[in-house]
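The values are calculated or read from the model by the stated rules, or taken from the named source; none is laboratory data. As the structure is a prediction and not an experimental result, all values here were calculated from the model. No Cβ is skipped: glycine too gets one built from the backbone with ideal geometry, and neighbour counts run over all protein chains shown.
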Amino acid sequence: MNRQEVLDLYFLAARHQLIELAAFLDRMDRAEGPEDFRMKRLRAAMGHLRAKKGTRARSVLLALSDPTQTPAMAAGTKGACGAWSKTVPIPRQSRKAKHS
């Protein structure tokens, strides 16, 4: 697909999602109380949107994901919450691994 076809096909959906995200952030700004780990992770993930082309979706996903590789013995909650709650550094893929 060329750029015009991508715009024609996906622009309105992307516009809608961006407005929804902006509205959510406005609601969070008006709400009282401290932000929890989900908002901190979301804000960190949004920072990846300015990355060079071709890396944004992966970077956003990794910013919200559990970076551990060892399976948990038991679930800590009843359901998924959409963001990694622990405060451990997220490992970055090495240059060697990227070019393999």
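For LYS53, the conditions (1) farther than 18 Å from SER85 by Cα; (2) surrounded by 11 or more Cβ atoms within 10 Å (Cβ to Cβ); (3) outside the structural domain of ALA14 (by TED's automatic domain parsing) are fulfilled apart from (2).
Every test in (1) aliphatic (A, V, I, L, M); (2) at pLDDT 95 or above; (3) not in a helix (DSSP H, G or I) is passed by MET1 save one, and that test is (2).
Between VAL6, VAL60, the distinction of being among the hydrophobic types (A, V, I, L, M, F, W, C) and touching a His at 6+ places or on another chain (Cβ under 6 Å) belongs to VAL60 only. Could we say that MET28 is touching an Asp or Glu at 6+ places or on another chain (Cβ under 8 Å) and part of a helix (DSSP H, G or I) here? Yes: the conditions hold for MET28. For the stretch 56-89, residues that are of a type in the set (S, T, N, Q) and modelled with pLDDT of 90 or more total 1.
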